[in-house]
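Values quoted throughout were computed directly from the atomic coordinates according to the rules given, and no laboratory measurement underlies them. Nothing here was measured: the structure is a model prediction, and the numbers come from that model. Cβ placement follows ideal geometry from the backbone for every residue including glycine, while neighbour counts extend to all protein chains displayed.
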Amino acid sequence: MKCIITVLGSDKVGIIAKICTYLAEKEINVLDISQTIVKGYFNMMMIVELTKELQTTKEISQKLIEIGNELGVVITIQNEDIFNCMHRI
């Protein structure tokens, strides 16, 4: 299953490292990543693939929220199909 992870907040050292370390520990593959910093604000979008059947977006979302709180950023995860439906013109 493919999911979209978004990260928004003030830029600081270690945001990408902390998130990618967690994803690697859970064997979640990063298929694509884009990040930008605009006037000190960090913005990242990742497309990831969940390969383990036991993993749920709810479980992953809760941990990403915790990581976001530690880093002072907002992290969300959505199923790719839901993301596409929400952003269809």
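For the reader, a short list of remarks on this structure follows.
- Here segment 2-86 is assigned +1 on the Cβ of each Lys and Arg and -1 on the Cβ of each Asp and Glu. Its dipole about the Cα centre then comes out at about 240 debye.
- Relative exposure of Ser61, Ser34, Ser10, judged by other C-beta atoms within 10 Å (fewest first): Ser34, Ser10, Ser61
- Tally of Lys pairs whose C-alpha atoms are under 27 Å apart, taken over segment 2-86, 8 or more apart or cross-chain: 18
- In plain terms, the chain from Asp32 to Lys63 could stretch by 9.1 nm, reckoned as 0.36 nm per residue minus the Cα-Cα distance.
- Taking all Cα pairs closer than 8 Å and separated by 6 or more residues, the relative contact order of segment 1-58 comes to 47 percent.
- Placing pseudo-labels 7 Å out from each Cα toward the beta carbon at Lys39 and Lys12 gives an inter-label distance of 2.1 nm.
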